[in-house]
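Notes follow the structure.
Each value in this text was obtained by applying a stated rule to the coordinates, not by laboratory testing. Not measured: the values here are computed from a predicted model. Note that we place each Cβ from the backbone using ideal geometry, even for glycine, and neighbour counts take in every protein chain shown.
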């Protein structure tokens, strides 16, 4: 983990961007297939083998559509808003580590674009900025459904950002750092219970934090059962009602990138990131473990969507402020207490 | 080559141009200084179950006032029926509640039979019960799927439509059509039962209970479903009676009024079934009532099928002059040919008088009021569709509800716009 | 109720009973019908006639007392006719000279399980008291009745068209003098053919 020539960083960033954009396209395919299986149907089958070309076909279709701007819309804001959501969602990928420093062709390569000491905070911050895209898009559409969706989104993000941040404080107390790389490598250490050795994943020491984080992450990415900003049965499509063609797709992709980023984030913080059998010997295996963990998370997202009804708005707020927030604070207090015991500062 | 002209003026010049200021136009202030937003829910909206428009006055997300506007699908069935002979009206009734066409057929046919003083043979009555109860299951399954979809349980609609498909297949075997069945005839059934019908129904009866358990497993104890439905859209028993509600909307409030028990028609007095009642009159109670009705309908079909399975008595009351003469005779004898021809071309002359016959439709009391002047066409045919009357309670229920509750409330009434608008 | 039934089964020859037995509602002698009996006693001038057909009882009442009689039957402790099944009208134009409309209410007693039809005849342009104060459910039914027949209901809170659009200017379609195709000549669009006929293999003459 040292400095490296900037051209290597460029190559790594480029590779990560490519993988991310591709995987985002294929997350839509993955969701369609998994959801279809939940619902007793087949999902896309006609485009390529097992519908594998479906994302491509979707992209071609969406690009061929007319980009409509309603008369009542605030034109500039309307056109600009989807870009905010999309770019900020991509931006958060900068601090996610895909491994440590490895030797490729005799060169030291850091498998992450950057390692800033407030990495976790950076992801939370970009997530909050991404909501501006939703709020501005909903407001500028000149449609009441969009406006309601935007207002819901604002309220939802304010509430669940808080839970998201608070659920991580326990980890920061344990590790004493906010750098994602440091947090990840802390989890590569092994804990031994007699003959058994298991990885020190923070899901074991922070189970409550993990649960809170997952709930808040689902809400943060506007996925079911917290998809109130775009609740299709009441608000038609919420903030996206007036969007069409590629601008609609940008929101759509932004949502899927956020899903992937949140899954990566959760895997890094709670499930040891790249840690897994063989990951110490070969970095490729570590990436594979990370991808598997992300896929498990995505599966969980889709599972929720296939199973649960949608919350009502007041119930959503009630859950955040009356249930989750007290639990998050409790988690912080308990973790801090044990940390103080560990430091020998009490008793 | 000439340029292609626009066939007609798309935009009328007298139409006022869209000003683009919809957002502020009709907002006004409440006495408390709060701004009220008018939201036009529909006519094209995913949760209005068709083309219905609900004009909402919102304070934030709370509904202050709700005004349902219907009639987008009005086809003038009552007016058209005055120009059709009695037997020709049966297909029109299919198009009322198109999720439960056999029930509409039955309601109409029974009213006509009551006017004529005619009784279908017992076997036909049992088969009518079987078909109607299957159609009740189909109608409730559509309701369950779409209601759950409105509240956000995405997969439910696919599960329920899977079983509904089996019933549609049964209808297809029975009468050749799936949705608009045109199944019932005045006087019974004129055709033989097709081969393979009974095993098909048996198969459905075998599969259905486990599938029903799947639905209730997914919803009945789901905390989000409970939070969304319990205590929402409460109708007190007094209000339910006063608003003339019928079906699950009335029984959900605890009023025991099921036409099958109160005024038994067909052979319902010989069948063993129960009428489920709700307790609190909220959305969840109506859900429980309908789910239990699914179970009871399954029970009724099983009983009726067990009783009638090996029966081969005639299915048509041919002794009556009001009944369409058999087809087969027309091929051999001139008299039968003439009789058949006259019946088809001129119809029969019904007795003078008026009748009202109600049946328990999947959505409530489906009543037909026929005024006859002695001709071959009804002088006046009134369709009392349950959804139309039940929908009238929506403004009452929507007082103070949240916007998200609106979809639950519209869903819980179980409307089909073809039946509401007629 | 059950006591009364037991009594009548025991003493079938002397139907004294309480006068409220369920059989009396279906008796051939209409004067024994409890509703007819009660209304004859209480509204002697406004209760006009009672007709029985196919076991259904129709009572004809004075339109001015339409609502009052409905109120009376709803609040009567024995009759309890508390449910309005349906409310509509029949245009009697072809059947008699005057009055023109029969406003028909199908009312029902949920405790007694008795169906009843109440009719009041009014002429075109006359109004009839609205039943909304008695049954809330009459609201939409009367709106539809106004929409389809142009009958005015006095005291209705919101009497406007419901199934047809608010600016429908062709009158009321369920009246007997309203032609089935409507009064207006609707314009026929696309009279001149803008797309040339093309021969197809199937038709030989094109679409």
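Give me C:147, B:405 sorted ascending by neighbouring Cβ count inside 10 Å, so fewest comes first.
Least to most surrounded, the residues fall as C:147, B:405.
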Direction-averaged shadow area of the convex hull around the Cα atoms of the range B:248-309, nm²? 3.9 nm²
Using R₀ = 35 Å, calculate the FRET efficiency as 1/(1 + (r/R₀)^6) where r is the Cβ-Cβ separation of residue B:352 and residue B:36; round to 0.05. 0.05
DSSP beta bridges in the protein assembly as shown [antiparallel fraction, %, rounded to 5]: 90 percent
Within 10 Å of each Cβ in B:152-160, how many Cβ atoms from other chains are there, averaged over the peptide? 6
What is the antiparallel percent of DSSP beta bridges lying wholly in chain A, to the nearest 5? 100 percent
With no solvent and one equal point scatterer placed on each C-alpha of the range A:1-94, evaluate the Debye formula and give log10 I(q)/I(0) for q = 0.21 Å⁻¹, two decimals. -1.10
Normalised radius of gyration for the range A:112-203, please: alpha carbon Rg relative to 2.2 N^0.38 Å, two decimal places. 1.54
By per-residue mean of other Cβ atoms within 10 Å, what is the highest-first order of B:43-51, C:50-58, B:125-133? B:125-133, B:43-51, C:50-58
Please state the relative contact order of the range A:6-341 as a whole percent: Cα pairs under 8 Å, 6+ residues apart? 23 percent
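Dividing the convex hull volume of the Cα atoms of the range C:119-186 by its residue count, what figure in Å³ per residue is obtained?
100 Å³
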Give me D for the range B:144-201 in µm² s⁻¹, whole number, from Stokes-Einstein with Rh from the Kirkwood sum over alpha-carbon pairs, 4 °C and 1.567 mPa s. 98 µm²/s
In the P(r) worked out for the range B:135-294, what percent of Cα pairs fall beyond 27 Å? 34 percent
Kirkwood hydrodynamic radius, computed over distinct alpha-carbon pairs, for the range A:6-341: how many Å, to one decimal? 21.0 Å
Rounded tilt (10° steps) of B:334-346 against the dominant C-alpha axis of chain B: 20 degrees
In peptide B:72-81, how many Cβ atoms from other protein chains are near each Cβ within 10 Å, on average? 3
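Report Rg(Cα)/(2.2 N^0.38 Å) for the protein assembly as shown, keeping two decimals.
So the protein assembly as shown has a normalised radius of gyration of 1.14.
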Quick one: grab Rg to one decimal and Dmax as a whole number for the range B:227-347, Cα atoms only, in Å. 22.3, 69
Could you bin all the Cα-Cα distances of the range C:71-192 into 10 Å bins starting at 0 and give me the percent of pairs in each, rounded to whole numbers? 12, 37, 29, 13, 5, 2, 0, 0
Dmax and Rg, reported as Rg then Dmax, of the range B:291-370 (C-alpha, Å): 18.7, 54
Kirkwood Rh over Cα pairs of the range A:267-330 into Stokes-Einstein at 37 °C, 0.692 mPa s: D in µm²/s? 228 µm²/s
Compute the Kirkwood hydrodynamic radius of the range A:202-285, taking the inverse of the mean of 1/r over all pairs of distinct Cα atoms, and give it in Å to one decimal. 14.9 Å
Can you tell me the order of C:149-156, C:129-136, B:284-291 when each peptide is scored by its average per-residue count of other Cβ atoms within 10 angstrom, highest first? B:284-291, C:129-136, C:149-156
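Using Cα-Cα distances under 8 Å and only pairs 6 or more residues apart, what relative contact order does the range A:93-137 have, in percent?
This gives 33 percent for the range A:93-137.
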Chain B: radius of gyration and largest Cα-Cα distance (Dmax), Å: 23.8, 84
Against the longest principal axis of chain B, how steep is helix B:283-308, in degrees 0 to 90 to the nearest 10, with axes from Cα atoms? 10 degrees
Evaluate the Debye formula for the range A:297-347 with equal point scatterers sitting on the alpha carbons, no solvent, and hand back log10 of I(q)/I(0) at q = 0.18, 0.21 Å⁻¹, in q order, two decimals. -0.76, -0.83
Rel. contact order, % - alpha carbon contacts under 8 angstrom, at least six apart, chain B: 24 percent
Kindly express, to the nearest 10 degrees and within the range 0 to 90, the angle between helix B:122-151's C-alpha long axis and the longest C-alpha principal axis of chain B. 20 degrees
Counting just the Cα atoms, what span does the range B:298-422 cover along each of its three principal axes? Round to the nearest Å and put the largest first. 70, 42, 23
How large is the helix-only mean residue ellipticity at 222 nm for chain B, computed as the sum of -39500 (n - 2.57) over DSSP H runs with n ≥ 4, divided by its residue count, in deg cm²/dmol to the nearest 500? -14000 deg cm²/dmol
From other protein chains only, count the Cβ atoms within 10 Å of every residue's Cβ in A:227-234, then give the mean. 6
